[in-house]
Amino acid sequence: MVFEDSVQVYDLKNHKNLGAQKAFNFEITPFRAQFFMISKEPLTVAEVSVEKTTVAPGSVLAAKVNVPKANGQQAVKLQVKLPDGQLADWLDRVVVTDQKGTTVKLPIAYNDPRASGRSRPRSCSPFALMSAGLR
């Protein structure tokens, strides 16, 4: 793919910032989707905050996700990482947000691991971290 001007290229499927490019190559594979995002400017950093830092099983954690320097709306991938390094796939979300922010409800089941976890918003740029404990 060739562009008139240099653009920022993001490989969304592999969570990689390919940086500024005037052209980039990729292989078309039958029956395998590939997702790239092209932007004239680099994406801005997402932030996340929570209303409480400890969450009981059976309750819901509200997380506010925003992108302070966003010019319009931006998609952010929100993932929760458990202490053992595994991602909690049941809390995996994609959030569309802006400078004002969007609140996301993360339900905590009775059988979820009892340990502290970290949530990380990812918007193909550096990401912020927030922590919440499960008791």
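The numbers here are math on the coordinates, done by the rules we state, and not lab data. All values reported here derive from a predicted model rather than from experimental measurement. In this analysis, Cβ positions are derived from the backbone assuming ideal geometry, glycine residues included, and neighbour counts consider all displayed protein chains.
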Subject >> For segment 8-20, 3J(HN,Hα) per residue [Karplus equation, 6.51 cos²θ - 1.76 cosθ + 1.60, θ = phi - 60°, Hz, x = Gly/Pro] >> reply: 8, 10, 10, 8, 6, 5, 9, 6, 10, 8, 8, x, 6
Subject >> Inverse of mean 1/r across different Cα pairs in segment 1-103, Kirkwood, Å >> reply: 16.2 Å
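Taking the Cβ of each residue in Val2, Val55, Val94 as the centre, tally the other Cβ atoms inside 10 Å and list the residues starting with the fewest. Don't jump to the answer; show the numbers that get you there.
Working: Val2 8, Val55 22, Val94 12.
Ranked by crowding around the Cβ, least crowded first: Val2, Val94, Val55.
Please work out how much length the chain gains when fully extended from Phe36 to Thr53, using 0.36 nm per residue of separation minus the C-alpha to C-alpha distance, in nm with one decimal.
Numbers: separation 17, 0.36 × 17 = 6.12 nm, distance 3.47 nm.
That works out to 2.6 nm of additional length.
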